[in-house]
Amino acid sequence: MIREFYRKERKLAAKFLAVGTVGFITNYSILYFCTAELKLHKIVGEILAMIVALHVTFALNDRWTYRLGPGHTKLSLSLKMRYILYLASNSFGSIMTIVLFALFSLAFKNFVSLAAAAILAMVWNYMVNKIFIWKKHPHVSGEILGAPDEAELRSRKSTA
């Protein structure tokens, strides 16, 4: 049982790391474009890059990393609530990245500064995502937080 837990945890962490790598490449590419081509200040470029990377990583995490597997009938939050909480919690991680990037970039090149800052913020993001946003419930009945109730669904159908 413990061996199975660690196997699943390693697989989840590997997927999270892969998505984080895509997010990092997206972030750095946009940062580079903003600073080298658009001549924006590096902090402004990083803010723009962070916004795009957050949306890319949410989509990948929701569709791949935290996809429901056998034995799980639902997540504890609706897609809308996962999206809102992801943006909020990972924005904190991104602010942490920006602050650390600003500090590290006083002594290092942009790439090294961003890599170091992103690695430190990744620990925060992994824990919050796993514990709160994509929490899985095995065969749970009842409502999903943030999901429309039956009356709201009927109302939507009648107005369509």
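Read-outs throughout are calculated quantities, based only on the coordinates presented, and are distinct from any laboratory measurement. Keep in mind the model is a prediction, meaning the values are calculated, not measured. Positions of Cβ are generated from backbone atoms using ideal geometry, with glycine treated the same way; all protein chains shown enter the neighbour counts.
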Original post:
So for the pair V56, A115, with labels modelled 7 Å out along Cα→Cβ, what separation do we get in nm?
Top reply: 1.7 nm
Subject >> Estimated distance in nm for a label pair at F132 and H41, the labels positioned 7 Å out from Cα along Cα-to-Cβ >> reply: 3.0 nm
Original post:
Hey, what do the phi angles of region 61-67 turn into as Karplus ³J(HN,Hα) couplings, whole Hz, using 6.51/-1.76/1.60 and θ = phi - 60°, x for Gly and Pro?
Top reply: 5, 5, 8, 10, 4, 9, 4
**OP:** Using the Karplus curve 6.51 cos²θ - 1.76 cosθ + 1.60 with θ = phi - 60°, work out ³J(HN,Hα) for each residue of region 44-57 in order, rounded to whole Hz, and write x for Gly and Pro.
**Re:** 4, x, 5, 4, 4, 5, 4, 4, 5, 4, 4, 5, 5, 5
Subject >> Nonlocal amide H pairs with L40, under 5 Å, H built at 1.01 Å >> reply: T35
Subject >> Of K15/K109; K39/K135; K15/K42, pairs whose Cα-Cα distance is over 31 Å >> reply: K39/K135
